[in-house]
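Structure, as structure tokens:
The values are calculated or read from the model by the stated rules, or taken from the named source; none is laboratory data. Not measured: the values here are computed from a predicted model. With ideal geometry, Cβ positions are generated from the backbone for all residues, glycine too; neighbour counts draw on all protein chains shown. Calculation scope for accessible area: heavy atoms of the full protein, side chains included, ligands and nucleic acids excluded. Shrake-Rupley method; radii C 1.70, N 1.55, O 1.52, S 1.80 Å.
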Amino acid sequence: MKKIIHKFKELPLHRKVQFFTAIVLTIALSAAIYSYAWFSSQKKAAELFKIEYPNALYINAAHREDRVHFAVDGIDVNSYLKDSEGELIRDENNEPIPITKRAVFSVSGSNTNHFTLQMAHTNNNLFKYKIYEAKEYKTLAEASTLPHEENEEASTVASEDIIEYQIHTQTDHPENDMVFPGDTVSANDLLYYVKGDPVDDEYKNMPEEPTAITDTNDKYYNKTYGNNTNVDPYSVPSYWQATIPSDQDSNKQFCKYFVLEITWKESEQNSQTSKETDLVYFTVKRID
């Protein structure tokens, strides 16, 4: 080491300057290569993030309003459909038709081709839950008269298949800030949703008709409760799932509307001496 230092001291000044310059350039080049590699990896990570994961995925009330406005409470099983004269509307068996509870909700997001929509509900009241596709219209006239197919005459939509929804102020619970061309509305505006085809779905642990779930060896029961078998069978959740295409636009955004329809059998309701509370949960997961 002493010999190296001695030889360095004996070097002429211009050689010492060249030596220090080479050291500085080597350090700078090493730092540049490291920085480029770091930025390159971050860029690739960002590109992968944009491709593989959505920027947004929401479940909201109608018109992407906050979930607090998705209200399905206050179901009166003793309310029946009436005509314009106030008379009961009856079915083919001359029985009064109970008023069906309907509520609109939305699933929206971006960079999603397909998503899984899941509904879980208890069966305390033996309600039947069905989900339909829906379309949004700004006027009742647009919602009431729709063409079925191209080149066919327009048809009148049944009034019971149109759900009216009033826009709320957006000051509370601002959950979803997505904006779509042409769908801007103001507080207190009325929107109209037309119930369409039923969603192609299936229950994972229950038949189509609501019932108590007594199979404690079912895998869905085990995922929910584990080894706990001391559970009211009417409170065991039924799991419903559907895989749905997003039909995203050119900006890779989408917003799809659905109608949750709740019905019940009058004979079953008459046999119940007390009414219970049911819990209904919705979740959504991106597939691709």
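Using label points projected 7 Å from each Cα along Cα→Cβ, tell me how many nm separate Ala242 and Ala141, to one decimal.
According to this spin-label approximation, the distance is 3.1 nm.
Does the range 229-268 classify as rounded, prolate or oblate by the C-alpha gyration tensor (a ≥ b ≥ c root eigenvalues; a/c under 1.5 gives rounded; else a/b over b/c gives prolate, otherwise oblate)?
oblate
What order do Trp240, Trp264 take when sorted by accessible area (1.4 Å probe), most exposed first?
Result of the area sort, largest leading: Trp264, Trp240.
Excluding ligands and nucleic acids, what accessible area in Å² is computed for Thr229 using a 1.4 Å probe, to the nearest 10?
90 Å²
Compute the Cα gyration tensor for the range 207-288, then decide on rounded, prolate or oblate, letting a ≥ b ≥ c be the square roots of its eigenvalues: rounded whenever a/c is under 1.5, prolate when a/b is larger than b/c in the other cases, and oblate in all that remain.
Details: a/c = 3.23, a/b = 1.57, b/c = 2.06.
Since a/c reaches 1.5 but b/c is at least a/b, the shape of the range 207-288 is classed as oblate.
To the nearest 10 square angstrom, what accessible area does Asp161 show with a 1.4 Å probe?
Approximately 40 Å² of Asp161 is accessible to the 1.4 Å probe.
Excluding Ile97 itself, calculate the net charge of residues whose Cβ lies under 15 Å from the Cβ of Ile97, where each Lys or Arg counts +1 and each Asp or Glu counts -1. Before the final figure, lay out the partial values.
Details: positive: Lys82, Arg90, Lys101, Arg102, Lys128, Lys265; negative: Asp76, Asp83, Glu87, Asp91, Glu92, Glu95, Glu160, Asp161, Glu261, Glu266.
In short, -4.
Considering every Cα-Cα pair within the range 163-256, what fraction, in whole percent, is farther apart than 20 Å?
The share of Cα pairs beyond 20 Å in the range 163-256 comes to 62 percent.
Applying 1/(1 + (r/R0)^6) with R0 = 22 Å to the Cβ-Cβ distance of Asp197 and Glu92, what FRET efficiency is obtained, to the nearest 0.05?
Approximately 0.40, to the nearest 0.05.
Once fully extended, how much extra length lies between Asp215 and Asn188, figured as 0.36 nm per residue of separation less the alpha-carbon to alpha-carbon distance?
Here the answer is 5.0 nm.
Once the mean 1/r over all distinct Cα pairs of the range 84-234 is inverted, what Kirkwood radius in angstroms do you read off?
Details: mean 1/r = 0.0505 Å⁻¹.
Kirkwood hydrodynamic radius for the range 84-234: 19.8 Å.
Could you pull out every one of the aspartates and glutamates with an alpha carbon less than 13 Å from that of Lys130, ignoring same-chain neighbours closer than 8 positions?
Counting by Cα, and skipping residues close in sequence, Lys130 has these aspartates and glutamates nearby: Asp197, Asp200, Asp201, Glu202, Glu208, Glu209, Glu261.
Heavy atoms only, probe 1.4 angstrom, no DNA, RNA or ligands counted: give me Ser235, Ser250, Ser186 ranked by accessible area, highest first.
Output order, biggest surface exposure first: Ser250, Ser186, Ser235.
Grab the other residues whose beta carbon is less than 10 angstrom from that of Ile262, score K and R as +1, D and E as -1, and report the net.
Its environment carries a net charge of +2.
At 1.4 Å probe size, with every protein chain present, just tell me what the per residue accessible area of the range 71-203 comes to in Å².
59 Å²
Using the structure shown, list the pairs from Lys195/Lys285; Lys128/Lys204; Lys128/Lys219; Lys195/Lys265; Lys204/Lys256 with a Cα-Cα distance above 18 Å, or answer none.
Lys195/Lys285; Lys128/Lys219; Lys195/Lys265; Lys204/Lys256
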